[in-house]
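Structure first, then comments.
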Amino acid sequence: MKKRVLALLLSACMVLGMAGCSSGKAETASDSGGGGASDAASEAAADASGPEGFNATGMPIMDEKITLKVWIEGGADIDWEQNRFVKEIEEKSNIKMDIISTPLSDALQKRNLMLASGDYPDLILTDWPTVFTKSDVMQYGVKEGVLLPITDYVDKYGNNIKRIFDENPNYKNSCIAPDGEIYGFARFSECYHCSAYPKIYLRQDWMDALGLDMPETTEELREVLRAFVNDDPNGNGKKDEIGMIGATTWNTMVEYALMGMSFQTVKPDFWLSLGADGKTVEFSPSTDAYREGLRYIKSLYDEGLIDGTSFTQKDDQMAQTIRTEPHVVGMYVCDHAGMGYDNKDPKEAENYQILIPVAGPDGFRRQGQNAFEGEIQGFHAAITDACQYPEAAFRLIDEFFYDDDYNMERMYGERGIGWDYAPEGTKNVFGGEARYVVNSVSEDQSAEIKKGTMGVGPQADLASFRLSMLPEAEDIYQSGNYEQRITLDTQKVEQYIPEERLDYTVYIPLDMADEYAEIQTNLNNFVRMATVQFITGDRDIESGWDQYLSELDSYRVDRYIEIYKTAAGR
């Protein structure tokens, strides 16, 4: 187990400053404009010499200052002209980033409209919800040529990214499109705690007050929830406790946390899983195990053990309910613990402990999982064919977004305030060398630090980096030691993560991409809706199941599986 732990990466869970977006062609773009693979862009990609004044190594990247127009998705609340990290990039590289940002809520729609218009910037930086998917790469890279291939640049100018590919060939293979090109910059996230979600946290202080043991089965979990709701564990004399709560965000869904833990492997918006033989590709929401899971979850809902807001509220609303005093929430669903309790309250942090997966009636007992090592979810940055200086844009990303020290600055601000180098000889939580220390800061300091960070874009979240910033801590519940805490939590459930599963992201052939996307979108909407309806009683699990399966057939589940298997080579 420890070998696997060391192979995975821890992801920073700070609420980082997100970068913003912009539309409009860059001032430095060629006169021929965007909207296709222009001759100028094609020649630039093939020419290894670079533009006049470009330096292939070292700093500055350009002898004379240039400006790149940059579209950043998120961080609309940050003053990018005054951002410390952006200023440092300009000072060291001679590249000014002319940034326009847009809120994440509508960033994807705005970006698609912008790319379709033919009027777009030199460089696009995305966040997790808006990454360039492999379908996007097929459309805007392979087909339209809007995204510039960086394949040649990796060998000619690559420093950090070349090292990453040399040390982790699976990442390089995952980035290569069917035409042999690489069209963007990924976040290489060996995120250890991300490998296990959704997770469930429960109040250990309530367990202690009621004399309860950690549940091992679904029925024991039911008994704990009943005690939370009925036995006044918060001691205020009122029956105001909530058994379990979640939200509609992808990693906070009660229905899929319980389903994937004790009944049927399921990943929302993907829906496919390996059958019992380890080879068959099946549609999870149509299995008998999924139906059995629905029966169980509905029974909890009918008893009032699952809060009804779980199926309608956002995760920030869930967090507000969890943090309101007197505390009333016994269990909640999340990616990491700080999505619920107030991370700056060490006592409350200690009160919530991770739930070890409980076994279902047939002995099924698993921890939900995200991407595995060697698989990318998409690209967090791309250079467009509007860029007059693609070599400079490539080196900017390679040097400032894939270097470990710069990663610390991007996440935690200035050295000596938000972070520092670990004292020589310091060990990390797994016994290896610790290179960095994340400092505990006040709420006011944290807000000030955020103004100078840039949490959006690609990053080398490799195990060698993340483990190096986890020095052993005496008190894992202090906010500055948060990553140690969630690392140790993930260790407790790691044994229940299946060794094999399907790849979530594959390159869908162009002639099938639109069809696959349409089927997937329709299935997403229908399955999510029907699942909640079964739980709340708007659909009958017994009398309405055959009708549900018939409706699934009408959404072309068989074709969805067929296209996926073709793309995945299964």
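Summary table
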read-out: Residue match in region 251-264 (condition: assigned to a loop (DSSP other than H, G, I, E, B), assigned by TED's automatic domain parsing to the domain that holds GLN204, among the aliphatic types (A, V, I, L, M) and at pLDDT 95 or above); value: yes
read-out: Test for GLY260: is it small (Gly, Ala, Ser) and closer than 18 Å to ALA337 by Cα; value: no
read-out: Entirely in region 309-383, the strands (runs of 3 or more DSSP E) that have 3 or more residues that are over 19 Å from the mean Cα position of the chain (by Cα) and not charged (D, E, K, R); value: 329-334, 352-354
read-out: Selected residue (criterion: farthest from PHE400 (Cα to Cα)) from residues of region 91-115 that are out of contact with any Ser or Thr (no Cβ under 9 Å at 6 or more places or on another chain) and in contact (Cβ under 8 Å) with a residue 12 or more places away in the chain; value: PRO103
read-out: Boolean, ILE476 is more than 27 Å from LEU202 (Cα to Cα) and of a type in the set (A, V, I, L, M); value: no
read-out: Among (1) surrounded by fewer than 21 Cβ atoms within 10 Å (Cβ to Cβ); (2) within 24 Å of LYS239 (Cα to Cα); (3) small (Gly, Ala, Ser) - the single one GLY378 does not satisfy; value: (2)
read-out: Residues of region 270-298 that turn out to be under 20 Å from ARG570 (Cα atoms) and either in a loop (DSSP other than H, G, I, E, B) or out of contact with any strand residue (DSSP E or B) (no Cβ under 8 Å at 6 or more places or on another chain) (or both), as a count; value: 8
read-out: Flag for ILE519 being in contact with a Cys (Cβ under 7 Å, 6 or more places away or on another chain) and of a type outside the set (Phe, Trp, Tyr); value: no
read-out: Scope region 61-83; condition surrounded by 17 or more Cβ atoms within 10 Å (Cβ to Cβ) and modelled with pLDDT of 95 or more; matching residues; value: ILE61, MET62, ILE66, LEU68, LYS69, VAL70, TRP71, ILE72, GLU73, TRP80, ASN83
read-out: In region 414-441, residue modelled with the lowest pLDDT [restricted to those that are among the β-branched types (Val, Ile, Thr) and part of a loop (DSSP other than H, G, I, E, B)]; value: VAL429
read-out: Residue ID - modelled with the highest pLDDT, chosen from residues in region 463-509 that are buried (at least 23 other Cβ atoms within 10 Å of the Cβ) and in a loop (DSSP other than H, G, I, E, B); value: ILE508
read-out: Scope region 535-547; condition touching a helix residue (DSSP H, G or I) at 6+ places or on another chain (Cβ under 6 Å) and free of Cβ contacts under 8 Å to residues at least 60 places away in the same chain; matching residues; value: ARG539
read-out: Residue among ARG203, ARG295, ARG222 that alone is touching a Gly at 6+ places or on another chain (Cβ under 9 Å), in the same structural domain as GLN317 (by TED's automatic domain parsing) and among the basic types (Lys, Arg); value: ARG203
read-out: Residue within region 442-450 that is part of a helix (DSSP H, G or I), more than 22 Å from ASN170 (Cβ to Cβ) and in contact with a helix residue (DSSP H, G or I) (Cβ under 9 Å, 6 or more places away or on another chain) present; value: yes
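Residues checked against (1) on the phi > 0 side of the Ramachandran plot; (2) surrounded by 14 or more Cβ atoms within 10 Å (Cβ to Cβ); (3) touching a Cys at 6+ places or on another chain (Cβ under 8 Å):
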| position | (1), (2), (3) |
| --- | --- |
| TRP206 | no, yes, no |
| ALA209 | no, yes, no |
| ASP213 | no, no, no |
| GLU220 | no, yes, no |
| VAL229 | no, yes, no |
| GLY235 | yes, no, no |
| LYS238 | no, no, no |
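The values are calculated or read from the model by the stated rules, or taken from the named source; none is laboratory data. Computed from a predicted model, the values in this text were never measured in an experiment. Counting neighbours? That spans all protein chains shown, and the Cβs are built from the backbone with ideal geometry, glycine included.
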